[in-house]
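Trainee: This is the structure I want to talk about, given as structure tokens.
The values are calculated or read from the model by the stated rules, or taken from the named source; none is laboratory data. On a predicted model such as this, the values are computed, not experimentally measured, just so you know. For neighbour counting, all protein chains shown are included, and Cβ atoms are generated from backbone atoms with ideal geometry for every residue, glycine included.
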Amino acid sequence: MKIQNKKSSFDMDEFRLRMLKYTTKTFQRIPIIENPTILDVGCGSGIPTIELAKLSNGSIKAIDINSEEIRKLKNRMREEHFADQIEPFECSLFETPFQSESFDIIWAEGVFHIIGFEKAFKESNRLLKKGGFLVLNEVMRGMEPNLERLSHVGFKLYDKMKLPEGAWWDDFYKPMEKKIKDLRKISPRSLDNEKIRECEKEIKMLKKNPNAFDCAFYILQKVENIGR
């Protein structure tokens with residue numbers, strides 16, 4: 001979401017970009033695959049998608065159910081000259097047109113807890129080549145039961161990268177809070193919308209419980225095919 005006018009603009013991508021360094025560090029933990037085929041699940045406006053294209057020199061299919069986010073991704077692809085490397089699809093993980101064992105890597109940041117781990121694991125297993133990697137970024141709290149079930153869905157934990165303590169506050173919500181305060185001085189009416197109110201609620205929640213958003217990247221490797 002963006003409120004227009006350079007000085008009085010609020011764009012979530014400004015804060016997402018600050019978290020991109022963790023995407024980069026995680027990707028560098030995956031064994032080198034020449035020109036990999038990558039599926040970016042819940043790609044949004046394409047902040048991680050573009051970074052994955054730069055890092056991998058691979059072919060990327062990017063999926064999201066939000067048409068506005070897909071539109072932003074298409075614009076970003078053209079602006080940054082990645083139209084030949086990235087192909088966007090407006091669909092969910094469970095509605096893709098892709099054949100089984102199409103991908104070397106599936107990337108999903110903050111998605112599986114929304115769409116359901118069990119079902120998403122099974123579909124990822126179908127889409128991944130054997131030995132391929134499924135990379136998740138999820139809140140650590142509550143992840144243990146999902147990790148315990150990995151062998152039942154054809155995966156093993158290959159690696160894990162915990163974000164630094166306070167990363168979400170320092171890199172995302174603190175700059176966001178400052179931006180909102182600055183904009184309130186310049187154009188208070190522009191902040192009277194539901195999205196800003198949601199952001200302010202999240203800021204309050206994080207201040208109240210600093211560990212609420214403690215996250216990690218989980219690199220899972222497909223070890224066997226399972227029945228659907």
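Trainee: Given the residues 51, 69, 87, which is the only one that is closer than 28 Å to residue 122 by Cβ, among the charged types (D, E, K, R), surrounded by 14 or more Cβ atoms within 10 Å (Cβ to Cβ) and out of contact with any Cys (no Cβ under 8 Å at 6 or more places or on another chain)?
Mentor: Only one candidate qualifies: 51.
Trainee: Cβ-Cβ below 7 Å, separation at least six or inter-chain, first residue in region 80-92 and closer than 27 Å to residue 115 by Cβ and touching a residue at least 40 places away in the same chain (Cβ under 8 Å), second among the β-branched types (Val, Ile, Thr) and crowded, with 18+ Cβ neighbours inside 10 Å: which pairs?
Mentor: Every condition considered, the pairs that remain are 86/49; 86/60; 88/70.
Trainee: Scan 152, 113 and give me the residue that is within 23 Å of residue 64 (Cβ to Cβ) and either touching a Ser or Thr at 6+ places or on another chain (Cβ under 7 Å) or of a type outside the set (Phe, Trp, Tyr) (or both).
Mentor: 113
Trainee: If you scan region 78-116, which residues turn out to be of a type in the set (D, E, K, R) and more than 27 Å from residue 158 (Cβ to Cβ)?
Mentor: Once the filter is applied, which keeps residues that are of a type in the set (D, E, K, R) and more than 27 Å from residue 158 (Cβ to Cβ), region 78-116 yields 78, 79, 80, 84, 90, 95.
Trainee: Please enumerate the residues belonging to region 35-48 that are in contact (Cβ under 8 Å) with a residue 40 or more places away in the chain and either surrounded by fewer than 16 Cβ atoms within 10 Å (Cβ to Cβ) or of a type outside the set (A, V, I, L, M) (or both).
Mentor: 36, 37, 40, 42, 43, 46, 48
Trainee: While we're here: If you check every pair at least six apart or on different chains, which have Cβ atoms under 8 Å apart with a residue in region 52-66 that is over 13 Å from residue 88 (Cα atoms) and among the hydroxyl-bearing types (Ser, Thr, Tyr) first and a residue that is part of a loop (DSSP other than H, G, I, E, B) and modelled with pLDDT of 95 or more second?
Mentor: Hits for this filter: 56/33; 56/35; 56/36.
Trainee: Which helices (runs of 4 or more DSSP H) does region 101-219 wholly contain that include 2 or more residues that are polar (S, T, N, Q), buried (at least 16 other Cβ atoms within 10 Å of the Cβ) and touching a residue at least 24 places away in the same chain (Cβ under 8 Å)?
Mentor: It comes to 117-127.
Trainee: State all residues of region 43-77 that are within 17 Å of residue 137 (Cα to Cα), touching a Ser or Thr at 6+ places or on another chain (Cβ under 9 Å) and part of a loop (DSSP other than H, G, I, E, B); if no residue qualifies, say none.
Mentor: Result: 43, single match.
Trainee: Of all residues in region 18-34 being touching a residue at least 24 places away in the same chain (Cβ under 8 Å) and aliphatic (A, V, I, L, M), which is surrounded by the fewest Cβ atoms within 10 Å (Cβ to Cβ)?
Mentor: Step by step, filter region 18-34, then rank; the result is 20.
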